[in-house]
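The values are calculated or read from the model by the stated rules, or taken from the named source; none is laboratory data. These figures come from a predicted structure and were not determined experimentally. Reconstructed Cβ throughout: ideal geometry from the backbone, glycine too, with neighbour counts over all protein chains shown. For the accessible areas, the whole protein counts, side chains as well, though only heavy atoms, and no ligand, DNA or RNA atoms are used. Shrake-Rupley method; radii C 1.70, N 1.55, O 1.52, S 1.80 Å.
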Amino acid sequence: MSDTAEKRPGPHKPSGWAVPGGDPYISIQNVTKRFGEFVAVDNVSLDIYRSELFSLLGASGCGKTTLLRMLAGLEEPTEGRILLDGQDMVGVPPYERPVNMMFQSYALFPHMTVAQNVAFGLKQEGMGKGEVEERVEQMLGLVQLGRFARRKPHQLSGGQRQRVALARALAKRPKLLLLDEPLAALDKKLRESTQFELMNIQEELGVTFIVVTHDQEEAMTLSTRIAVMNEGVIQQLGTPSEVYEYPRTRYVADFIGSVNLFEGTVSGTGAEGMRITAPEAGIDIHVDAGQTDARAGQSVAVAIRPEKIAIAKQDDKPSQGENVIQGIVDEIAYQGSLSIYQVRLADGKLVRVTTPNLTRTAERPIDWEEPVWLSWGRHAGVVLTS
Amino acid sequence: MSAGGAGGLGARLRARLFSQRTVVLLPPYIWLLLFFLAPFVIVLKLSISEAAIAMPPYLPILDWADGLIPDFTGTFYNFSFLFTDDLYVVAYLNSIKIALVSTIACLLIGYPMAYGIAKAPGTWRNALLMLVILPFWTSFLIRVYAWIGILKNNGILNNLLIGLGIIDQPLPMLHNDFSVYVGIVYSYLPFMILPLYANLAKMDESLLEAAADLGAKPWKTFLAVTLPLSVPGIVAGSMLVFIPAVGEFVIPELLGGPDTLMIGRVLWNEFFHNRDWPVASAVAIAMLLFLVVPIVIFQHYQGKTDEAAS
Amino acid sequence: MRKGLHPVTIAMLLFGFAFLYAPIVILIIFSFNEGKLVSVWSGFSPKWYGELLRDPQILSAAWMSLKIAAMNASVATVLGLFGAYALGRFGAFKGRTLFTGMMTAPLVMPDVITGLATLLLFVGLAWQRGMSTITIAHITFSMCFVAVIVRARLSSLDQSLEEAAMDLGARPAKTFLLITIPMLAPALVAAWLLAFTLSLDDLVIASFVAGPGSTTLPMVVFSKVRLGVSPEINALGTLIVLLVTLCIVVAALIFQRQEAQRLADAQMADRAD
């Protein structure tokens, strides 16, 4: 995985994910899907490259699963084209596509053993018996289920079933693997370990993965790139750090992680930065220049992540001259590795701040109802125009 | 590949899917058109024909003798005949009355049973359900017949009541409306219980707990939550009892008296004894017209249950 | 919340089951009665079973009925399966409303109407009446009952199983054979048995569409019963009840054991995580 990790930009580099040369592997072109009056996918265009681990992220009903099912051939687009390796897939039935899918329910055939499940797709290809057995063994080895080959699905645990489904979908060596909420049915601990397993297998086989998920942490961990979808439209496309650090819309900022949004008006622009008058904050917020082409007088929102805000006691006023406000601690949530503070500003606006718990016990802990200073740098705020 | 090629592929896929679907859909479709729908068209046709002493015993309604456009020689005499003779009107009203009362009786007995089965502990539930279904698998005719031995004047029930000293003259329980009611309720009770059970069993227990938690007494919870939610089951069960009961023949024939008039029996007699096929057809059409509304209601709720299930 | 059943509910259950089973129990008891009366006990004797098994009329009618029932059940299961699959999986198609109507109306249609209508069709087609016409008439309503059972099972099936098979390269026909049919197997067995008994049980429709030489068991029973009660019929009823009970109990035991095994397996498996 180190290979892919290197391609990811550092937290402050807004440069894009290094798009490899050549044509995209999967090209979704102006695809729309309507079910009667309801528009599930609305004119989506998207290019995905070979060996990517791409995530479609969104709340339920955002159209991500419909898009995935169109890639599998289980739904036909109402309009638009889908190219796979340069070949038009529209009208090609699922059983003739070099694409396999791992279903959210796993869809393991209950009347077949684990080995028969994995062999199913190979037999449809007309592969010889010996070769099938060899491949099944190899796939079960890959997911570490070799000794469960003769069990029936109901004799497996949830995590084992998930791995059988993965082995079955990978057995035909598909050009593209589609994963519909692959980890949703697992509990939290198992989910984390399986995430890494999934990444290792993807790297080992070099297969292109497209993952549908509603879990933003899962998408961030797994993906080379993420497409955030809402109401059938791609809101933002980028690497995990891009969508987190540089959300382009209020929806994305709010959906990925948690965020403090200050509504305001641009009151000054210059080479060194932009000034936004935010009545909710009670101050002018300064941000880095060059983020948007918003002009003076335009209504915008400034998004600031809770971990980018520093919190300090009353007698410890930050030395910086800008982006400092005063508030009163309203709530404190201790979460072990970090603490979350909810701070009430003068006009009642609540601001969320998280700080890592670096030491076991703070010398002078911040308490409920205590007046505090909040401060952040120019780089912390992101200006959102939509 | 060009866009034109894609269109061709799409069309080919659609054609293929269409043909595969056709293979599945067509056999049952054609079967039902031919053996279910077509017969009703013929009944309709025959109901406006004139009776004749021939085989088949009726005259054609369309006379094709003079070329392309046939003459209509049909008659609505058979229908007006149904209204001129008291027998038919009385038989219709009596059938509806008997079916209605039986349906209500089935509901009154079946609802508590279905409720009890649905609320019974898991291991019991399947056994009880099986006990409801089991009679349904055994000969209906013989089960109706069994009631003759129970209800007749020197039958088991009268002997028992006399033996216990409750009565000293046998009660006339067979060959009257009472025995018909008993027979219909007995035969159709499982049809009432099964849809009710299906409905009550899938009812979310937490709804009842929520009602109880909000302070509703058990009977209030039943009236305010359980009963309204079980309406689809009540309607489905009632229709499954009411509609066939209206046209019931075996039960009034075996358990009813000579004066127990039910329309199914009248139709049978018109057909087999009087050999008046047109009037029998008119009786059938009239019965069908009356049953169309309940049948449509039944289908509506049947469709609803299907949607809920999927 | 499950505090057990209310005494009134228990009383209703007891009353209801007594009502359902008293006639059957009495029927069985009096099938062993020495005398000809079916309401006065005059000593134990299995003689009516002997009479029954020597009655050529009943035996030939029973054989006729069994043949019709088996044929009916087999064809009705296939047609009902197709119909249920079309309704459950095809979404909207031309003529769906009519098809749905034709698939549900026979469930409640009074027998006298169906019988008369079907007969008139055969007369119109100048079709020789006999075993074939009875079988066809039985298939027509049996397939609708089959479809009800199959649809119930189909709607509880995870549709992604079929999608997964297609995704793995199985064509629709193959998916149907390898995935759908095995998943529906228990429902298909139940549906076949139901169609079989429905046919075995039908008097009215068979009476309309029967021809000379195609007398079914219910027709013989009906003519005998109309002449008065006969312990022979009690014996016949007892045999049917025993046979059906045996089948159902065996089926239930197999099902219960499988279910218990499945539960135990699932519990074992969950400990693996």
Checklist outcome for this item: Of (1) under 30 Å from the mean Cα position of the chain (by Cα); (2) more than 9 Å from chain B (Cβ to nearest Cβ); (3) over 26 Å from residue B:154 (Cα atoms), residue C:79 fails just (2)
Checklist entry - Considering the range B:118-156 alone, what residues qualify as being surrounded by fewer than 16 Cβ atoms within 10 Å (Cβ to Cβ), part of a loop (DSSP other than H, G, I, E, B) and at the interface with another protein chain (Cβ under 7 Å from one of its Cβ atoms)? => result B:154
Checklist entry - If residue A:140 passes every condition in (1) open to solvent by 10 Å² or more (accessible area, probe 1.4 Å); (2) without any contact (Cβ under 8 Å) to a residue 40 or more places away in the chain; (3) more than 12 Å from chain C (Cβ to nearest Cβ) but one, which one does it miss? => result (1)
Checklist entry - Based on what the data block shows, is residue B:265 more than 7 Å from every other protein chain (Cβ to nearest Cβ), surrounded by fewer than 24 Cβ atoms within 10 Å (Cβ to Cβ) and modelled with pLDDT of 90 or more? => result yes
Checklist entry - Take the residues of the range A:148-193 that are of a type in the set (D, E, K, R) and over 28 Å from residue A:61 (Cα atoms): which is farthest from the chain's Cα centre (by Cα)? => result A:150
Next on the checklist: I'd like the residue in the range A:50-73 that is open to solvent by 30 Å² or more (accessible area, probe 1.4 Å) and farther than 20 Å from residue A:24 by Cα and, out of all such residues, is nearest to the other protein chains (Cβ to nearest Cβ).
Outcome noted: A:65
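Every residue, every condition in (1) in the same structural domain as residue A:184 (by TED's automatic domain parsing); (2) within 13 Å of the chain's Cα centre (by Cα); (3) polar (S, T, N, Q); (4) surrounded by fewer than 22 Cβ atoms within 10 Å (Cβ to Cβ), yes or no:
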site	(1), (2), (3), (4)
A:203	yes, no, no, yes
A:207	yes, no, no, yes
A:211	yes, yes, no, no
A:215	yes, yes, no, yes
A:226	yes, yes, no, no
A:232	yes, no, no, no
Checklist outcome for this item: Only one of (1) within 8 Å of chain B (Cβ to nearest Cβ); (2) touching a residue at least 12 places away in the same chain (Cβ under 8 Å) does not apply to residue C:256, and that is (2)
Next on the checklist: Looking only at the range A:143-174, count every residue that is charged (D, E, K, R), closer than 17 Å to residue A:194 by Cβ and at the interface with chain C (Cβ under 9 Å from one of its Cβ atoms) and tell me the total.
Outcome noted: 2
Checklist outcome for this item: Within the range C:205-228, residues open to solvent by less than 20 Å² (accessible area, probe 1.4 Å) and more than 9 Å from chain B (Cβ to nearest Cβ) come out as C:205, C:206, C:209, C:210, C:211, C:214, C:216, C:220
Checklist entry - Where in the range B:187-258 are there helices (runs of 4 or more DSSP H), lying fully within it, with 1 or more residues that are closer than 30 Å to residue C:114 by Cβ and more than 8 Å from chain C (Cβ to nearest Cβ)? => result B:231-246, B:250-255
Item to check | Test: residue in the range A:252-267 that is open to solvent by 60 Å² or more (accessible area, probe 1.4 Å) and over 30 Å from residue A:365 (Cα atoms) | outcome: yes
Next on the checklist: For a quick check of your reading of the model, give me the residue pairs whose first member lies in the range C:108-128 and is more than 7 Å from chain B (Cβ to nearest Cβ), whose second is charged (D, E, K, R) and part of a loop (DSSP other than H, G, I, E, B), with beta-carbon atoms closer than 8 Å and at least 6 apart or on different chains.
Outcome noted: C:119/C:129; C:122/C:129
Next on the checklist: Could you tell me how many of the residues in the range A:341-369 are assigned to a loop (DSSP other than H, G, I, E, B) and exposed (fewer than 15 other Cβ atoms within 10 Å of the Cβ)?
Outcome noted: 15
Checklist entry - Among (1) modelled with pLDDT of 90 or more; (2) open to solvent by 30 Å² or more (accessible area, probe 1.4 Å), where does residue A:334 come up short? => result (1)
Checklist outcome for this item: All conditions in (1) at pLDDT 90 or above; (2) at the interface with another protein chain (Cβ under 8 Å from one of its Cβ atoms); (3) open to solvent by less than 10 Å² (accessible area, probe 1.4 Å) are true of residue C:85 except (3)
Checklist outcome for this item: Matching residues in the range A:316-331 (open to solvent by 80 Å² or more (accessible area, probe 1.4 Å) and modelled with pLDDT under 90) number 4
Item to check | Neighbours by Cβ (under 9 Å, 6+ apart or cross-chain): first from the range C:180-192, open to solvent by 30 Å² or more (accessible area, probe 1.4 Å); second of a type in the set (D, E, K, R) | outcome: C:186/C:153; C:190/C:153
Checklist outcome for this item: Of A:199, A:229, the only residue that is more than 20 Å from residue A:63 (Cβ to Cβ) and either more than 14 Å from chain C (Cβ to nearest Cβ) or touching a residue at least 12 places away in the same chain (Cβ under 8 Å) (or both) is A:199
Checklist outcome for this item: residue A:277 passes all but one of the listed conditions (1) in contact (Cβ under 8 Å) with a residue 40 or more places away in the chain; (2) surrounded by 13 or more Cβ atoms within 10 Å (Cβ to Cβ); (3) not aromatic (Phe, Trp, Tyr); the exception is number (1)
Checklist entry - Any residue at all in the range C:13-24 that is under 18 Å from the mean Cα position of the chain (by Cα), closer than 27 Å to residue C:190 by Cα and either more than 9 Å from chain B (Cβ to nearest Cβ) or among the polar types (S, T, N, Q) (or both)? => result no
Next on the checklist: Could you go through the range C:131-152 and let me know if any residue there is within 30 Å of residue A:105 (Cβ to Cβ), surrounded by fewer than 23 Cβ atoms within 10 Å (Cβ to Cβ) and within 10 Å of chain B (Cβ to nearest Cβ).
Outcome noted: yes
Checklist entry - Can you pull out the residues in the range C:1-41 that are farther than 17 Å from residue B:120 by Cβ and open to solvent by 70 Å² or more (accessible area, probe 1.4 Å)? => result C:25, C:29, C:34, C:36, C:37, C:41
Checklist outcome for this item: In the range C:42-71, anything of a type in the set (Phe, Trp, Tyr), open to solvent by 60 Å² or more (accessible area, probe 1.4 Å) and in contact (Cβ under 8 Å) with a residue 12 or more places away in the chain is listed as C:44
Next on the checklist: Criterion first (under 27 Å from residue A:368 (Cα atoms), among the β-branched types (Val, Ile, Thr), outside the structural domain of residue A:218 (by TED's automatic domain parsing) and open to solvent by less than 40 Å² (accessible area, probe 1.4 Å)) does residue A:311 satisfy it?
Outcome noted: yes
Item to check | Evaluation of residue C:32 against (1) of a type outside the set (Val, Ile, Thr); (2) within 24 Å of residue C:210 (Cα to Cα); (3) in contact with a strand residue (DSSP E or B) (Cβ under 6 Å, 6 or more places away or on another chain) (one fails), failing number | outcome: (2)
Checklist entry - Just one of C:179, C:248 is of a type in the set (Val, Ile, Thr), within 14 Å of chain A (Cβ to nearest Cβ) and assigned to a helix (DSSP H, G or I); which is it? => result C:179
